[in-house]
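Remarks on the structure that follows.
Each value in this text was obtained by applying a stated rule to the coordinates, not by laboratory testing. Please read these numbers as outputs of a predicted model, since none were measured by experiment. When we count neighbours, we look across all protein chains shown, and the Cβ atoms used for this are built from the backbone with ideal geometry, even at glycine.
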Amino acid sequence: MAVCRIIDTGVSPEQYEKVRDKVGARDNPPDGGQLHIAARRTDGTIRIIEVWDTREQAEAFGEKVRAAREEMGVGGALPPVEYLELHSLLTAQAPA
């Protein structure tokens, strides 16, 4: 079952980009990841909203990110993660 995952990372955009590069998400999107949005919160930190095919796939990738954050000393304590059952997903199609 598809899930939406919401994470208030507690990290700056620069830290987010470093972790993203470390896990290779830019060049090799993780299995099961359908959508990834990184938005700047009013406090300047990054909030991530994602859609995954399954929670298990999201958690597996989350472990990879956790290990990278720990190795790099980014962000201190792990942020809270909220999982929601996906009800609907609408995306715009680019004209052909």
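Structure summary
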read-out: Distance between the stretch 38-96 and the stretch 3-28 - C-alpha centres, whole angstrom; value: 7 Å
read-out: Trypsin sites (Lys or Arg not before Pro), loop per DSSP, at most 12 other Cβ atoms within 10 Å - longest free stretch of the chain; value: 42-96
read-out: Order of HIS87, HIS36 under a 10 Å beta carbon neighbour criterion, fewest first; value: HIS87, HIS36
read-out: Residue-wise HN-Hα coupling along the stretch 44-50, computed from phi with Karplus coefficients 6.51, -1.76, 1.60 (Hz; x: Gly, Pro); value: x, 7, 9, 10, 10, 10, 10
read-out: Over the chain, relative contact order from alpha-carbon pairs under 8 Å, at least 6 apart, %; value: 44 percent
read-out: On Cα atoms only, tilt of 13-23 relative to the major axis of the chain in degrees; value: 80 degrees
